[in-house]
Amino acid sequence: MYWLKKEELREMIKWSRLVTLLLITAVVIGTVALTGKKVAMGTTLGLDLRGGFEILYEVAPLNENQKLTTQTLKDATKALDNRVNKLGIAEPEIQAEGTNRIRVRLAGVTDQERARDLIGKPANLTFRDKDGKILMQGSDLAENGAQGVLDSQTQQPVVTLQFKDAKKFADVTQKYIGQPMAIFLDDQLVTAPVIKSVIPSGTAQIDGQKNIQEAKDLAAILNAGALPVKMKEVFSTSVG
């Protein structure tokens, strides 16, 4: 039988400890790498890491009868969040500040003009007779009732509208046969088609969009609903 000398035993113990240390180090590094990757993939990167766009809005009442309250700001913030989500912008940061301001941060957004147009547009949709009387409005639309599509006949981009109450729209079109029914968006005339017959299906459409993306954007805004307040941009910045 061969007995190890003390020096040989110490050498074996030293190498054994070194191998154990290396194995532990490899396991730790592997665990950190895998976990770090998962954490990184699940972490939302803000403006400082992804770049993007930030806008500060000053909020005002829609009319003289409305008062700005904490609840009004909460409703406006919720409406903006709903609108941004429908537009496909991921993880927006929307916060009320003070008594009359809302800050919007959009990470990863590079098209500032489109962001401004989509977020700040009041989107108050109304259908009116020749005297300006409101016959239908955006709140009459069915849930997700607006769609941006290409017209099957003209191949031009349009926004199709589906109303919740088809009978109500049918009654309106029956009453105003032969007359124009003007469609307004934020008090701007969009189109004024003449009603040629009763429309029993509860559908209408808005034309005049430049391209299909513009039609889809408008449809998304209408589906999100009109903003409950007026908003004025007071500050904006972009982060590279």
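The rows are residues; the columns are (1) surrounded by fewer than 19 Cβ atoms within 10 Å (Cβ to Cβ); (2) closer than 22 Å to Phe53 by Cα; (3) in contact with a strand residue (DSSP E or B) (Cβ under 6 Å, 6 or more places away or on another chain).
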residue: Asn85; (1), (2), (3): yes, yes, no
residue: Glu93; (1), (2), (3): yes, yes, yes
residue: Arg114; (1), (2), (3): yes, yes, no
residue: Leu118; (1), (2), (3): no, yes, no
residue: Ala123; (1), (2), (3): no, yes, no
residue: Leu135; (1), (2), (3): yes, no, yes
residue: Gly148; (1), (2), (3): no, no, yes
residue: Ala170; (1), (2), (3): yes, no, no
Only one of Leu150, Leu106 that is in contact with a helix residue (DSSP H, G or I) (Cβ under 7 Å, 6 or more places away or on another chain), in the same structural domain as Lys167 (by the TED database) and modelled with pLDDT of 85 or more: Leu150
Unmet criterion (only one of (1) outside the structural domain of Thr173 (by the TED database); (2) open to solvent by less than 60 Å² (accessible area, probe 1.4 Å); (3) touching an Asp or Glu at 6+ places or on another chain (Cβ under 9 Å)) for Arg101: (2)
Residue count for the range 67-111, restricted to those that are over 12 Å from the mean Cα position of the chain (by Cα), part of a loop (DSSP other than H, G, I, E, B) and touching a residue at least 40 places away in the same chain (Cβ under 8 Å): 4
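The values are calculated or read from the model by the stated rules, or taken from the named source; none is laboratory data. Computed from a predicted model, the values in this text were never measured in an experiment. Here Cβ is always computed from backbone atoms with ideal geometry, including for glycine, and neighbour counts include all displayed protein chains. Quick note on the areas: whole protein, heavy atoms, side chains included, nothing else; ligands and nucleic acids left out. Shrake-Rupley method; radii C 1.70, N 1.55, O 1.52, S 1.80 Å.
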